[in-house]
Amino acid sequence: MSVIEVENLTKVFKIPQKDPGLGGAIKGLFAPRFQSKTAVDRINFRLDRGEIVGYIGVNGAGKSTTIKMLTGVLMPTGGSIRVLGRDPHRQRIDNAREIGVVFGQRTQLWWDLALIESLNLIARMYDVPPARYKQMLDEFSQTLDLGSLLKVPVRNMSLGQKMRSELAAALIHEPKVVYLDEPTIGLDLIVKERIRDFIKAECGSKGMTVMLTTHDLGDIEQLCRRVIIIDEGRVIYDGPIETIKKKFGKFREITFETTGLVPSLSLPPGCELLSTGDRKVTLRFDRIQTTASQVASAVMKQIEVRDFSLSEPDLANIVKQIYNGALDNGGVEPEAADARPAP
Ligand SMILES: Nc1ncnc2c1ncn2[C@@H]1O[C@H](COP(=O)(O)OP(=O)(O)OP(=O)(O)O)[C@@H](O)[C@H]1O
Ligand SMILES: [Mg+2]
């Protein structure tokens, strides 16, 4: 049995429509009109024990709505969900004991309480045995560097400090299933790295099943072997990250600022010209065929370079390309779930 089983899951929001003015408000009271918005549209997937799966898609694709239904916060309009054999909405309390949730956009900790007081309360709510709680606190103090934060009220914390605290609060009861909705949003690279390392070590070592929503391809590359991509509420790809990386992630762009006008360049194999400006040139290279340093050294032999920068493929772009059928042989249909790697 899979840990999470989702079948034909659908969520349609009914958004009240109001005509302008007092007349419109009164009319709305007696004859309300609604517009329907299908946020999640008959999606199917299964997650096994120990899988860390990236759930990605552009803004408004339906990721958070899916997570809210999986956690039991929202009731589906159609289809079914089983998390550890339970219906998360009907069996909300039993379900809550087994899951940990982080919504990166919103804190779940008590704003005015010192972190340690929040953690104490959560440990009591989840009946974490005191000895185990102490062990977990010691562990998190190290892995999340929480030591100096324990006495600080959440409202006085920086974004990065809050996020580390949120993770501790979500995982202190060692849940079997973890939902992370944009856990690295707005964080600097160092905190992101720390959080990724923590998720990998903590969730990986305990065989937790993790569903991770993010716009950061780095999160996905470091944590997930499988991704599910949704667009306009529908699953458009479910399979190994490797397939996507091979197809799209092999390219990098490198932009050089030069001191003089850009001549026509001779480029190493696997590298092509994307654009030239007055004192600027952008190249794209296949990093399987060549490296950034090979490209840079070839260019620097031909022109004087003032500065250069490298950029990663953009996730939103990749998703768009996949949506447009760019991954024809990689299993773009929802049924491609079979293509997923073993946990
Ligand atoms: N409570 C709600 N009432 C009405 N519409 C909603 C509600 N919540 C979400 N939606 C709509 O459902 C769609 C999916 O929203 P959702 O928040 O799931 O997207 P998302 O993939 O998480 O996007 P983002 O990357 O911006 O967080 C959007 O069009 C959104 O406007
Ligand atoms: Mg969201």
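The values are calculated or read from the model by the stated rules, or taken from the named source; none is laboratory data. What you see is a predicted model; the values in this text were computed from it and never measured. Because the Cβ atoms are built from the backbone with ideal geometry, glycine has one as well, and the counts that use them run over all protein chains shown.
Quick notes
- Hey, Leu74 assigned by TED's automatic domain parsing to the domain that holds Leu217, surrounded by fewer than 21 Cβ atoms within 10 Å (Cβ to Cβ), in contact (Cβ under 8 Å) with a residue 60 or more places away in the chain and out of contact with any Gly (no Cβ under 9 Å at 6 or more places or on another chain) or not: yes
- Subset of segment 57-85 [part of a strand (DSSP E or B) and either farther than 19 Å from Val102 by Cβ or within 16 Å of ligand 2 (Cβ to nearest atom) (or both)]: Gly78, Gly79, Ser80, Ile81, Arg82
Here's the yes/no breakdown for (1) surrounded by fewer than 20 Cβ atoms within 10 Å (Cβ to Cβ); (2) within 16 Å of ligand 1 (Cβ to nearest atom); (3) in a helix (DSSP H, G or I); (4) modelled with pLDDT of 95 or more:
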{"site": "Ile93", "(1), (2), (3), (4)": "yes, no, yes, no"}
{"site": "Trp110", "(1), (2), (3), (4)": "yes, no, no, no"}
{"site": "Ile116", "(1), (2), (3), (4)": "yes, no, yes, yes"}
{"site": "Ala131", "(1), (2), (3), (4)": "yes, no, yes, yes"}
{"site": "Gln161", "(1), (2), (3), (4)": "yes, no, yes, no"}
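- Complete set of residues in segment 164-191 that are within 15 Å of the chain's Cα centre (by Cα) and farther than 25 Å from Val3 by Cβ: Ile185, Gly186, Leu187
- In segment 116-134, the residues that are aromatic (Phe, Trp, Tyr) form Cβ pairs under 8 Å with partners that are in a helix (DSSP H, G or I), at six or more places apart or across chains, as follows: Tyr126/Arg97; Tyr133/Ala123.
- Contact map, segment 138-163: first residue over 16 Å from Val102 (Cα atoms) and assigned by TED's automatic domain parsing to the domain that holds Lys200, second residue among the β-branched types (Val, Ile, Thr) and part of a helix (DSSP H, G or I), Cβ cut-off under 6 Å, separation 6 or more or different chains; pairs are Leu150/Ile116.
- Here the condition is being more than 16 Å from ligand 2 (Cβ to nearest atom) and within 29 Å of Ile220 (Cβ to Cβ); of Asp94, Asp19, Asp48, it holds for Asp48 alone.
- Counted residues, segment 95-108 - those being assigned to a loop (DSSP other than H, G, I, E, B) and either in contact with an Asp or Glu (Cβ under 7 Å, 6 or more places away or on another chain) or outside the structural domain of Met125 (by TED's automatic domain parsing) (or both): 4
- The listed residue being surrounded by fewer than 20 Cβ atoms within 10 Å (Cβ to Cβ) and hydrophobic (A, V, I, L, M, F, W, C), out of Val191, Val154, Val101: Val191
- Every residue from segment 17-48 that is over 30 Å from Ile229 (Cβ atoms) and in contact with a helix residue (DSSP H, G or I) (Cβ under 7 Å, 6 or more places away or on another chain): Lys18, Asp19
- Residue in segment 33-44 that is under 24 Å from the mean Cα position of the chain (by Cα), over 18 Å from Asp181 (Cα atoms) and away from ligand 1 (no atom under 12 Å from the Cβ) present: yes
- Glu202 vs. criteria among the charged types (D, E, K, R) and either within 16 Å of ligand 2 (Cβ to nearest atom) or assigned by TED's automatic domain parsing to the domain that holds Ala292 (or both): no
- The set of residues in segment 217-254 being part of a loop (DSSP other than H, G, I, E, B), modelled with pLDDT of 85 or more and either away from ligand 1 (no atom under 13 Å from the Cβ) or out of contact with any Phe, Trp or Tyr (no Cβ under 9 Å at 6 or more places or on another chain) (or both) consists of Cys224, Arg225, Gly233.
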